[in-house]
Amino acid sequence: MHATDTLPLTSEQIRHTLRCVVDPEVGVNIVDLGLVYQVESTLAEVKVSLTMTSPACPLSDLVIAEAESALHAVLPEGAAVSITLVWSPPWDPSMMSDKARENLGW
């Protein structure tokens with residue numbers, strides 16, 4: 001995906017972009033892992049609500065920073081990115097895509 005001249009991006013475009021962000025502990029991208037709960041895009045901002053596999057995840061700051069970086073790479077200059085870490089509902093393995101389960105041998 002390349003930088004766009006206009007917003008809003010579609011939910012599908014945002015999720016496609018976030019597939020390049022890999023949970024370093026699991027080795028699966030955050031979309032297929034089921035960590036991305038909600039995405040919204042307006043003319044001024046992209047908002048993402050995501051979770052971690054555990055509230056004790058020591059790498060949540062890294063994952064959030066990588067997600068912000070990935071989105072800024074495809075957004076017009078000056079567009080805002082807001083990522084909110086949420087814990088409800090709690091993540092569980094049933095949220096993973098079939099592809100992620102297959103990659104993990106589940």
Just to be sure, is LEU43 in contact with a Leu (Cβ under 6 Å, 6 or more places away or on another chain), farther than 17 Å from ARG15 by Cα and in contact (Cβ under 8 Å) with a residue 24 or more places away in the chain? yes
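Residue by residue, here is whether (1) within 10 Å of the chain's Cα centre (by Cα); (2) touching a residue at least 12 places away in the same chain (Cβ under 8 Å) holds:
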residue	(1), (2)
GLU12	no, no
VAL31	yes, yes
GLN38	yes, no
MET52	no, yes
SER60	no, yes
VAL63	yes, yes
PRO93	no, yes
MET96	no, yes
From the residues in segment 1-27 that are among the aliphatic types (A, V, I, L, M) and modelled with pLDDT of 95 or more, which one is farthest from ARG101 (Cα to Cα)? ILE14
Out of all the residues in segment 83-105, which are polar (S, T, N, Q) and either buried (at least 16 other Cβ atoms within 10 Å of the Cβ) or over 16 Å from ILE30 (Cα atoms) (or both)? SER88, ASN103
Members of segment 18-67 found to be in a loop (DSSP other than H, G, I, E, B) and crowded, with 18+ Cβ neighbours inside 10 Å, listed by number: VAL21, ILE30, VAL31, ASP32, LEU33, GLY34, LEU35, THR51, MET52, THR53, CYS57
Being out of contact with any strand residue (DSSP E or B) (no Cβ under 8 Å at 6 or more places or on another chain) and under 14 Å from HIS16 (Cα atoms) narrows it down to one residue among GLY34, GLY105; which is it? GLY34
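The values are calculated or read from the model by the stated rules, or taken from the named source; none is laboratory data. None of the values given here were measured: they were computed from a predicted structure. In this analysis, Cβ positions are derived from the backbone assuming ideal geometry, glycine residues included, and neighbour counts consider all displayed protein chains.
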